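Quick notes on the structure that follows.
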Amino acid sequence: MICAGTHCYLMGGAELQLFHEYLPAGLRDSVIVTGSPCLGNCNCEGSGKPPFVMVNDIIVEQATIQSLLEVVNAELKN
Amino acid sequence: MSVTNNAMIIRRDLLTRIIKLMEREELEKKIDRIPLEVRPRGEDSVRCCVHKDRAVLKYKLMAILGFNIADETDELTPLSEYVRMAYNGRSQSDVVLTVVDEACSSCRQTSYEVSNLCRGCVARPCINNCPKDAIRFFNGQAHIDHKACVNCGKCLKMCPFHAIVYMPVPCEEVCPVNAIKKNDRGVEYIDPAKCINCGKCMIACPFGAIMEKSNLVDIFRNKIEGKKLIALLAPAIAGQFGSDIQRIRSSFHMLGFDYVYEVAEGAEQTIFNEAAELKERLEEGQPFMTTSCCPGYTSLVDKHIPALKPFVSHTRSPMHYMAKKAREEHQDACIVFVSPCPAKKWEVYHDSYTDYTLSFEEYGAWLVARQLDLNDIEPLEGGYTPAAEARGFATSGGVTAAVKKVAEGVNINETIINGIDKAALRQLKNMPRNYQGNFVEVMTCENGCIGGCNVISNPRLAAKKIQEAMENAPGILAEKALP
């Protein structure tokens, strides 16, 4: 779930909206990528910096395409 | 590849912090603390030390307050003093881009260099192919004599080990008009006589050393003085933040703007005037006409291709027509153009109806500072819905498509220049002599305004959003043409 709230969008989340294109062809069927309204992390102290993404139950802060790919791969192995 | 990078994120963070303090009327009191908050002691620094990082941040903040960094007279002047000056209303020049000289890392000018991967081979094709005899071997490796080297790049192509690297100066590399050069200290200097304010250097600099002067304080000052604020939204905004135009319009009211206009409405007038002018010029026997709505391009013609000047349309930009109407309706208001690029900021400075510019980035930072989320905002219904063709001005090819729709009896044979680089510049320079078509659309940025250097959304996503907005808009009608 990629946060599409305005704060995340401004701080690099705009880029993540294209995340599905970066998934290797073999993984596209096993991962569902959706946008989400503000996940509410940006206003909590200590939860990190935007952009935020939820991969299953894991909150990824300062997400980039590369960091997301790593987390997604790790989750798929579990 | 990602378009967003850390230098942009830092700029957006600083913008958000400044706006938050302005909203709380604490800017003068707290601004000098921002560099310390962003780079606290004990955390890793990006540059050599935390103090250098803070110094760079100070100058970036100075640019956000609207000052040209080169105008600094005393290094000890605190930011709070600049805030006072900005709130008292200072005179400004039409310089838009300013170099943070502390941040400029003085990239090395030498273009080709032999790396330590050189194996010192026997064949030595680098030496054999160098036309200037600029390569010497010592300590078992090749070395380039930079006084003799003419940067032809043949050695790089020939080396079987890929041991020779090309090291560009990123800002100079992207500048289409060679307007940015090193001064005698090795720091970049932007020559205002050559610069067309496209902002490509600002995006290219890996150190974030080029900043755009902001009008944020000026806008807040006018609000405090009791002026009505008018926002003129550039057509490209319809593709930003993944939101729709009704929500975006609504958000401007929440930020404190009294009236909101879409510049696409002004684009309708540009379409009709442009089509009429094209028809007239062709009938008079002129071979072709070029568009004039992109200020980066008109500056390019003024400063670098004077021979093309007679072919540039005299039709004004959509912004100009929209601002004229807004000014007629609200004489004393402060008119703010919401802009995708610094070239428009230059146009605003010289436009008689518009007062200030707010970039898409600054708008986004303002929303964040106020903790407003576009997804939660009620869309603003009603208001004028600009024609689909007018909305299309935000993308490359949009102007041509619109003019074709309304230019009756003219067989348009067009060329679309989608972004000005050095090759496009050569193409344009040749046009007065041998151009075969009759209409040239020029956009300084690749993809058009949705590719401007202040945009937030990836241009591909933005193009999709603009397309959606066009599908929901009526087609252009001839009765809208002004007499």
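What follows draws every value from the coordinates through simple rules; no lab data is involved. Keep in mind the model is a prediction, meaning the values are calculated, not measured. Positions of Cβ are generated from backbone atoms using ideal geometry, with glycine treated the same way; all protein chains shown enter the neighbour counts.
In what order do B:His304, B:His320, B:His146 fall by count of nearby beta-carbon atoms within 10 Å, going from fewest to most? Walk me through the intermediate numbers first.
Details: B:His304 17, B:His320 22, B:His146 14.
Ordered by Cβ neighbours within 10 Å, fewest first: B:His146, B:His304, B:His320.
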Checklist entry - For the range B:111-128, in order, what is each residue's ³J(HN,Hα) by Karplus, 6.51 cos²θ - 1.76 cosθ + 1.60 with θ = phi - 60°, in whole Hz (x at glycine and Pro)? => result 8, 10, 9, 8, 8, 6, 7, 4, 8, x, 5, 7, 5, 6, x, 4, 5, 4
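Nearest 5 percent is fine: what portion of the DSSP beta bridges confined to the protein assembly as shown is antiparallel? Provide the component values of the computation, followed by the final result.
Values: 17 of 40 bridges.
Approximately 45 percent, going by the DSSP bridge assignments.
Mind checking the range B:245-298 for GluC sites (Glu not before Pro) that DSSP puts in a loop (not H, G, I, E or B) and that have at most 16 other Cβ atoms within 10 Å?
Listed in order of number, the matching sites are B:Glu284.
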Next on the checklist: Let me make sure I get this right: for the protein assembly as shown, a, b and c are the square roots of the gyration tensor eigenvalues over alpha carbons, sorted descending. Under 1.5 in a/c it's rounded, otherwise prolate if a/b > b/c, else oblate. Which is it?
Outcome noted: rounded
Checklist entry - How much length, in nm to one decimal, is gained on full extension between B:Val150 and B:Met167, taken as 0.36 nm per residue of separation minus their Cα-Cα distance? => result 4.7 nm
Next on the checklist: I need to check one value: relative contact order of the range B:112-166, counting alpha carbon pairs closer than 8 Å and at least 6 residues apart, in percent.
Outcome noted: 48 percent
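Among residues other than B:Lys200 whose Cβ falls under 11 Å from its Cβ, what is the net charge (Lys/Arg +1, Asp/Glu -1)? Intermediate results must be reported in sequence, preceding the final value.
Details: positive: none; negative: B:Glu172, B:Glu173, B:Asp421, B:Glu446.
Residues close to B:Lys200 contribute a combined charge of -4.
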Checklist outcome for this item: B:Asn215 neighbourhood, Cβ < 9 Å, K/R = +1, D/E = -1, net charge -1
Next on the checklist: Take the residue pairs B:Lys20/B:Lys325; B:Lys228/B:Lys345; B:Lys29/B:Lys227 and return only those whose Cα atoms are more than 26 Å apart.
Outcome noted: B:Lys20/B:Lys325
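Mind checking the mean number of beta-carbon atoms from other chains within 10 Å of the Cβ atoms in A:1-9? Could you put the intermediate results ahead of the total?
Details: counts 0, 0, 0, 6, 7, 16, 9, 2, 12.
Neighbouring Cβ atoms belonging to other protein chains average 6 per residue here.
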Next on the checklist: How would chain B be classified by its alpha-carbon gyration tensor: rounded, prolate or oblate, with rounded meaning a/c under 1.5 and the a/b versus b/c comparison settling the rest?
Outcome noted: oblate
Checklist outcome for this item: Taking chain A and counting helices only, DSSP H stretches of n ≥ 4 at -39,500 (n - 2.57) each over all residues, the nearest-500 ellipticity at 222 nm comes to -6000 deg cm²/dmol
Next on the checklist: Taking a virtual spin label 7 Å from the Cα of B:Glu408 along the C-beta vector, which residues in the range B:281-322 bring their backbone nitrogen under 19 Å of it?
Outcome noted: B:281-284
Item to check | Spin-label model distance (nm) - B:Tyr384 vs B:Asn5, 7 Å beyond Cα toward Cβ | outcome: 4.0 nm
Checklist entry - Shielding of B:456-463 by partners, i.e. mean partner chain Cβ atoms within 10 Å per residue? => result 3
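Across the residues of B:360-371, average count of Cβ atoms on other protein chains within 10 Å?
Numbers: counts 1, 1, 0, 1, 6, 3, 0, 5, 9, 1, 1, 5.
Mean partner-chain Cβ count within 10 Å for B:360-371: 3.
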Item to check | Lys pairs, the range B:93-199 - Cα-Cα below 20 angstrom, 8 or more residues apart or on other chains | outcome: 7
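Using Cα-Cα distances under 8 Å and only pairs 6 or more residues apart, what relative contact order does chain B have, in percent? Kindly include the intermediate steps, with their values, before the conclusion.
Numbers: 852 pairs, mean separation 82.7, N = 483.
Normalised by residue count, the contact order of chain B is 17 percent.
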Next on the checklist: How would the range B:112-166 be classified by its alpha-carbon gyration tensor: rounded, prolate or oblate, with rounded meaning a/c under 1.5 and the a/b versus b/c comparison settling the rest?
Outcome noted: rounded
Item to check | Coil-residue GluC sites (Glu not before Pro) of the range B:355-417, DSSP, other Cβ within 10 Å capped at 13 | outcome: B:Glu381, B:Glu408
Checklist entry - Using mean Cβ contacts within 10 Å as the protection proxy, how do B:295-302, B:177-184, B:210-217 order, highest first? => result B:210-217, B:295-302, B:177-184
Item to check | Neighbourhood net charge (10 Å Cβ-Cβ; Lys/Arg +1, Asp/Glu -1) for B:Asp101 | outcome: -2
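Sorting B:Ser250, B:Ser93 on the 10 Å Cβ count, fewest up front, what's the list? Mind showing how you got there, number by number?
Details: B:Ser250 19, B:Ser93 10.
If I rank by nearby Cβ atoms, fewest first, I get B:Ser93, B:Ser250.
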Next on the checklist: With a cut-off of 8 Å between alpha carbons and a minimum separation of six or more residues, what is the relative contact order of the range A:2-77 in percent?
Outcome noted: 34 percent
Checklist outcome for this item: Here, A:Asp29 and B:Asp421, labelled 7 Å along Cα→Cβ, have an inter-label distance in nm of 3.9 nm
Checklist outcome for this item: Charge dipole of the protein assembly as shown built from unit charges on the beta carbon (Lys, Arg +1; Asp, Glu -1), centred at mean Cα; most positive-end Cα among A:Pro50, B:Met158, B:Met322 is B:Met158
Checklist outcome for this item: Charge dipole of the protein assembly as shown built from unit charges on the beta carbon (Lys, Arg +1; Asp, Glu -1), centred at mean Cα; most positive-end Cα among A:Val33, B:Tyr297, B:Ile476 is B:Tyr297
Checklist entry - Between the helical axis of A:65-77 and the dominant principal axis of chain A, each derived from Cα atoms, what acute angle in degrees is found, rounded to the nearest 10? => result 60 degrees
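Sorted by packing (mean other beta-carbon atoms within 10 Å per residue), highest first, where do B:235-248, B:68-81 land?
On the way: B:235-248: 25.1, B:68-81: 12.3.
Result, highest mean Cβ count within 10 Å first: B:235-248, B:68-81.
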Checklist entry - Under a point-charge model restricted to the Cβ atoms of Lys and Arg (+1) and Asp and Glu (-1), what is the dipole moment magnitude of the range A:2-77 relative to its Cα centre, in debye to the nearest 20? => result 60 debye
Checklist outcome for this item: Of all DSSP beta bridges with both partners in chain B, the antiparallel percent, nearest 5, is 40 percent
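If you put +1 on each Lys and Arg Cβ and -1 on each Asp and Glu Cβ, how big is the dipole of the protein assembly as shown around its Cα centre, in Debye rounded to 20? Spell out each step's value before the answer.
Values: 62 positive and 69 negative charges, 371 e Å.
Computed charge dipole of the protein assembly as shown: roughly 1780 debye.
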Checklist entry - How large is the charge dipole for chain B, taken about the Cα centre, if only the Cβ atoms of Lys, Arg (+1) and Asp, Glu (-1) carry charge, to the nearest 20 debye? => result 1760 debye
Item to check | Order by protection proxy (mean Cβ within 10 Å, highest first), peptides B:396-404, A:58-66 | outcome: B:396-404, A:58-66
